[in-house]
Amino acid sequence: MRILALAACAALAACTQSATVTPELEAQWSGTGLYSLTVQDLAGSPQDLSAYAGKVTLVVNTASQCGFTPQYAGLQELHAELEGRGFSVIAFPCNDFGGQEPGTGEEIASFCSDRYSVTFPVMGKVQVKEGEGQSEVYSLLGTKTGDLPGWNFGKYLVGKDGAPIQFYGPSTGPDDDDLRKAIEAALGA
């Protein structure tokens, strides 16, 4: 399954897209970090990301019908291992790539819980791609890093201050050595 997902990424030319960074977007997000935003959870209730201020987070755009979906298991392991040290995975389901997250909030919650025993927060479905309707989360992260996911399971490592540290494409799994080193460095900062 992983080979098919990698082939899909290669066939799509890139699993990472360059974000359009305009002076207007730079001004909009200047001095703003991820933890100043409010998003919706899977039930549609507002969730203030300030609850993660002072933590290191890994923001991931997820999908339940993707070749990369098995990464949920590794993300859960990473979250469980490091949660006590001030770390959290935050998932944002998205149906932008291949229509691979068609489910409702309730269906996504059931899938994550039943299939992968996910305990990290899974927020409401968002639009990752640029354009009208793009999530503020992805507008901010794309503007600040210059990168947007070009497929499901793109990852942003975000520091304790809410500033993105680095973007990782879908082929970087939760157990990747470089990702783990960057998380450890951010936790120690």
Within the stretch 93-189, DSSP-loop GluC sites (Glu not before Pro) with at most 11 other C-beta atoms within 10 Å are 132
Pseudo-spin-label distance residue 41 to residue 181, built 7 Å along Cα→Cβ, given in nm, is 3.7
Exposure-ranked with fewest Cβ neighbours within 10 Å first, 151, 29 stand as 29, 151
For 139-149, 115-125, ranked highest to lowest by mean beta-carbon neighbours within 10 Å, the order is 139-149, 115-125
Farthest towards the positive end of the dipole of the stretch 2-188, among 109, 84, 43 and with Cβ unit charges of +1 on Lys and Arg and -1 on Asp and Glu, lies the Cα of 84
Result: in the chain the number of Lys pairs with C-alpha under 17 Å apart, spaced 8 or more or on different chains, is 10
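No value in this document is a laboratory result; all are computed from the given coordinates. Just so it is clear, the structure is predicted and the values come from calculations on it, not from any experiment. We place every Cβ from the backbone using ideal geometry, glycine too, and count neighbours over all the protein chains shown.
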